[in-house]
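Engineer: Okay, handing you the structure first.
Every read-out reported here was derived from the displayed coordinates using simple, explicitly stated rules and does not represent laboratory data. Predicted, not measured: the structure shown is a model, and the values here were computed from it. A quick note on method: Cβ atoms are made from the backbone with ideal geometry, for glycine too, and the neighbour counts reach across all protein chains shown.
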Ligand SMILES: *Cc1c(COP(=O)(O)O)cnc(C)c1O
């Protein structure tokens with residue numbers, strides 16, 4: 001469930017009309033609903049009915065500081081994959097003892113920073129990383145709390161670009177290497193092994209792959225304990241899918257997911273850790289854009305909008321499908337025709353929707369791409385020198401810009417000429433990019 005819907009013919013985020021934000025901020029922009037993300041976090045937490053599970057929001061899904069503050073205030077920890085994300089989580093007020101550091105390629109500098117901060121856990125993905133972390137910790141007279149990420153070799157049944165738990169994926173320690181790696185870890189002076197970590201992919205819409213992975217991991221807990229290893233934590237990763245389209249098979253509810261996990265971990269006596277990203281913020285965000293032009297080709301109608309693949313990369317990267325709603329509701333009698341909704345970027349993959357049944361569109365009509373609150377703004381770039389898309393947060397009847405659109409002056413100022421190229425640059429030819437395209 002989410003808090004985006006029509007009221008009196010206009011699309012609202014909670015109690016704010018998206019058209020009112022568009023007038024003030026310009027398009028394109030992302031808009032997040034505080035009520036939706038806090039609801040999703042609470043539903044997930046309450047599904048487990050246990051007080052001591054640690055729910056670490058996967059920062060890579062939506063790293064905005066305001067989003068992290070809202071979730072941190074609800075009790076969320078953070079799953080980070082870089083020093084930058086760790087700094088974001090700490091800056092937003094999430095305490096270090098609720099931060100886990102994931103990722104296959106942590107640098108020694110990142111390890112040192114995380115040890116200094118005193119994070120809860122490093123999720124280590126290889127023997128080489130384990131040795132490096134031990135050396136860094138020893139050099140600082142510290143011991144690193146570690147979970148070993150094991151690759152359970154199961155097929156998550158999701159898009160190949162977001163599948164991480166098959167033997168051929170780069171993620172985790174190979175299943176057959178699990179025991180030797182735990183044995184190695186036990187000999188390393190800078191490592192204190194706390195548990196096992198697993199994460200098999202993202203946008204998983206069926207419980208079966210989770211169940212296959214988690215039951216293998218539960219068996220591994222028992223095997224490792226028999227061999228004398230202490231396993232007190234089980235980090236089960238993220239990956240629970242969300243509905244993107246009304247007519248697709250609904251992903252499992254957090255309640256069913258939690259029930260399955262309780263059954264598999266019953267009696268194991270471990271602290272559970274989770275790393276959900278998409279299911280917390282995915283349906284809590286929309287991307288608002290407006291139609292620049294329509295174009296009739298021989299067999300196609302195109303709507304060219306002012307958002308592009310650099311603002312929302314999911315369709316280009318994962319063939320993702322986003323619901324598209326006009327901000328002004330189409331009346332009940334309005335007929336729909338198949339329209340391709342495309343962005344202005346010079347790439348054939350800059351396509352948001354193909355043959356999508358939509359009401360007639362005209363220049364200036366504003367549209368919202370739904371379910372854009374995870375892996376949306378997070379993946380945005382300035383490709384084609386398009387200013388980074390701004391972000392807005394709504395809470396009840398108020399809204400605030402939580403990341404502003406950079407001006408062209410700011411964009412140019414990030415670059416410099418080498419001293420041998422003269423004369424110095426002056427920024428030319430621009431009105432300010434604030435207030436966007438054509439609001
Ligand atoms: C991306 C990622 C997550 C979050 O996945 P979602 O599908 O957004 O829940 C959690 N853990 C790790 C290690 C990840 O790489």
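Engineer: Using alpha carbons only, how many degrees (0 to 90, rounded to 10) separate the axis of helix 207-226 from the longest principal axis of the chain?
Structural biologist: 20
Engineer: With everything on Cα atoms, drop me the angle between helix 127-139 and the longest principal axis of the chain, reported from 0 to 90° to the nearest 10.
Structural biologist: In the chain, helix 127-139 runs at an angle near 80 degrees to the longest axis.
Engineer: Sticking with this structure for a sec: Based on the mean of other Cβ atoms within 10 Å per residue, sort peptides 176-187, 93-104, 154-165 so the most packed one is first.
Structural biologist: Values: 176-187: 15.4, 93-104: 20.2, 154-165: 18.4.
Top to bottom by mean Cβ count within 10 Å: 93-104, 154-165, 176-187.
Engineer: Figure the gain on full extension for residue 253 and residue 20 (residue separation times 0.36 nm, minus the Cα-Cα span) and round it to one decimal in nm.
Structural biologist: On the way: separation 233, 0.36 × 233 = 83.88 nm, distance 3.35 nm.
Taking 0.36 nm per residue and subtracting the Cα distance, the gain is 80.5 nm.
Engineer: So the label point goes 7 Å from the Cα of residue 415 along Cα→C-beta, right? Which residues of the stretch 372-394 then have their backbone N under 20 Å from it?
Structural biologist: Under cut-off, by backbone N: 380-389.
Engineer: Further question on the same structure: Give me 32, 293 ranked fewest to most by other Cβ atoms within 10 Å of their Cβ, as a rough exposure proxy.
Structural biologist: Numbers: 32 27, 293 12.
So the ranking, lowest neighbour count to highest, is 293, 32.
Engineer: Where in the stretch 216-259 does the amide nitrogen come within less than 18 Å of the point 7 Å from the Cα of residue 266, taken along Cα to Cβ?
Structural biologist: Under 18 Å, as judged by backbone N against the label point of residue 266, lie 216-219, 222, 255-259 of the stretch 216-259.
Engineer: Now, a different point. Distance from the Cα centre of the stretch 272-340 to that of the stretch 355-401, in angstrom?
Structural biologist: The stretch 272-340 and the stretch 355-401 have Cα centres separated by 8 Å.
Engineer: Would you mind estimating how fast the stretch 35-281 diffuses translationally, via Stokes-Einstein at 20 °C and 1.002 mPa s with the Kirkwood radius over Cα pairs, in µm²/s?
Structural biologist: Values: Rh = 18.0 Å.
Taking Rh from Cα pairs, D becomes 119 µm²/s.
Engineer: Separate question: So between residue 155 and residue 293, what do we pick up on full extension, going 0.36 nm a residue minus the alpha carbon distance? Could you put the intermediate results ahead of the total?
Structural biologist: Numbers: separation 138, 0.36 × 138 = 49.68 nm, distance 4.26 nm.
Result for the pair: 45.4 nm of gain on full extension.
Engineer: Then there's this: For the Cα atoms of the chain, what angle does the longest principal axis make with the long axis of helix 254-265, in degrees from 0 to 90, nearest 10?
Structural biologist: On a 0 to 90 degree scale, this one is about 10.
Engineer: Follow-up question, since we're still on this one. Which FRET efficiency, nearest 0.05, do residue 427 and residue 175 yield, Cβ-Cβ r, R0 56 Å?
Structural biologist: On the way: r = 55 Å, r/R0 = 0.99.
It comes out at approximately 0.50.
Engineer: Can you give the FRET efficiency to the nearest 0.05 for residue 401 and residue 6, using r as the Cβ-Cβ distance and R₀ = 30 Å?
Structural biologist: On the way: r = 24 Å, r/R0 = 0.80.
Once rounded, the FRET efficiency stands at 0.80.
Engineer: Quick one: length gained pulling residue 116 to residue 52 fully straight, 0.36 nm per residue minus the C-alpha distance? Kindly include the intermediate steps, with their values, before the conclusion.
Structural biologist: Details: separation 64, 0.36 × 64 = 23.04 nm, distance 2.47 nm.
Extra length from residue 116 to residue 52 when fully extended: 20.6 nm.
Engineer: Determine the shape class of the stretch 349-415: with a ≥ b ≥ c the square roots of the Cα gyration tensor eigenvalues, call it rounded for a/c under 1.5, and otherwise prolate if a/b is greater than b/c, oblate otherwise.
Structural biologist: Numbers: a/c = 1.93, a/b = 1.30, b/c = 1.48.
Oblate, since a/c reaches 1.5 and b/c is not below a/b.
Engineer: Highest mean first, what order results for 331-338, 226-233 on Cβ atoms within 10 Å?
Structural biologist: Values: 331-338: 9.1, 226-233: 14.1.
The most tightly packed comes first, giving 226-233, 331-338.
Engineer: Restricting to bridges with both residues inside the stretch 35-281, how much of the DSSP beta-bridge set is antiparallel, in percent to the nearest 5?
Structural biologist: Numbers: 1 of 29 bridges.
Around 5 percent of the beta bridges assigned by DSSP in the stretch 35-281 are antiparallel ones.
Engineer: Report Rg(Cα)/(2.2 N^0.38 Å) for the chain, keeping two decimals.
Structural biologist: Working: Rg = 23.4 Å, N = 439, 2.2 N^0.38 = 22.2 Å.
Cα-based Rg divided by the globular estimate yields 1.05.
Engineer: Beyond 20 Å, what percent of the Cα pairs of the stretch 267-373 remain? Show your work: numbers first, answer last.
Structural biologist: Values: 2459 of 5671 pairs.
Value for the stretch 267-373: 43 percent of Cα pairs lie more than 20 Å apart.
Engineer: Which residue, 393, 111, 212, has the most motion in a Gaussian network model of the chain that connects Cα atoms within less than 10 Å?
Structural biologist: 212
Engineer: Out of all DSSP beta bridges in the chain, what portion is antiparallel? Express it as a percent rounded to 5. Spell out each step's value before the answer.
Structural biologist: Numbers: 34 of 69 bridges.
The antiparallel fraction comes to roughly 50 percent.
Engineer: A follow-up question, please. Going 7 Å from the Cα of residue 127 toward and past its Cβ, which residues in the stretch 157-190 have a backbone nitrogen under 19 Å from where you end up?
Structural biologist: From the stretch 157-190, the list is 167-190.
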